[in-house]
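Only one structure is covered here, and it is reproduced in the block below.
Please treat every number below as a calculation from the coordinates, not as lab data. If you're wondering where the values come from, they're calculated on a predicted model, not measured in any experiment. Using ideal geometry, Cβ is built from the backbone for each residue, glycine included, and neighbour counts are taken over all protein chains shown.
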Amino acid sequence: MLADSGRPQVAERRAHLLGVARGIFAERGYQATTMDDVARAAGFTKPILYQYFDSKAALYREIVADLADRLLARLGAAVATSENPRARLELALRAYFVTVVEETDAFRILFIHHHNGDTVRELRRLERGLVSFLEPYINAKVSDEHRRQLAGGIVGLAEGVATTWIVQREQQGRPALDPGEADQLAARAATLAWGGLRAVHD
């Protein structure tokens, strides 16, 4: 039964289901997770889960889309604080790694587990969004095609650093986070990215 107009309870229940699903996908992977698993962990019946998401693929797509929207919004807010190209790149990378550190489960879904079909398309859509975001902030005097390739390289670099960090933490038993963890990751990635961009020629 929905309270009043139903909107607050619907939104709260939807957010709860997404959070539970995110955790299970992160631990087991997309293929090994069932809608029964999600419903049971969330404390609802499977028919109720299907009222919100008509398939496992739809549930997964919403998790990735939600992450993509929030990540791009965070990157946009970060780069708006500076006009300097190098500072913007560093601010974008810091915002990216803050999100990785704060929402490791979501990134485990993206980077650690095997993907195919719909799940691959969602991952690639997120990557294209990040490339499109970074492209305008690369001020090297190169062609548009070259600039987009450079943006893709930076996205790949950030993804590689994030994946390696997640794997290392798992091998160490997921220890408590250091206060400056995201800053350290961002600084290392930015140093490598900026060093490469300085050497770029069309």
Arrange F107, F44 by Cβ neighbour counts within 10 Å, fewest through most, would you? F44, F107
Taking a quarter of the surface of the convex hull around the Cα atoms of the range 45-119, what do you get in nm²? 6.5 nm²
Just the Kirkwood number for the range 117-179, please: inverse of mean 1/r across all distinct Cα pairs, in Å, one decimal. 13.6 Å
Quick one: compute the contact order of the chain, relative version, from alpha carbon pairs under 8 angstrom and 6+ residues apart, as a percent. 23 percent
Which semi-axes, in whole Å and largest first, does the equivalent ellipsoid of the range 76-115 have when worked out from the alpha carbon gyration tensor as the square roots of 5 times its eigenvalues? 26, 9, 7
Using the Kirkwood formula on alpha carbons, the hydrodynamic radius of the range 72-189 in angstrom works out to 15.1 Å
With Rg from the Cα atoms and Rh as the Kirkwood inverse mean 1/r over Cα pairs, the range 15-80 has an Rg/Rh of 1.07
Using the count of nearby Cβ atoms within 10 Å as a rough guide to exposure, how do K141, K46 rank from fewest to most? K141, K46
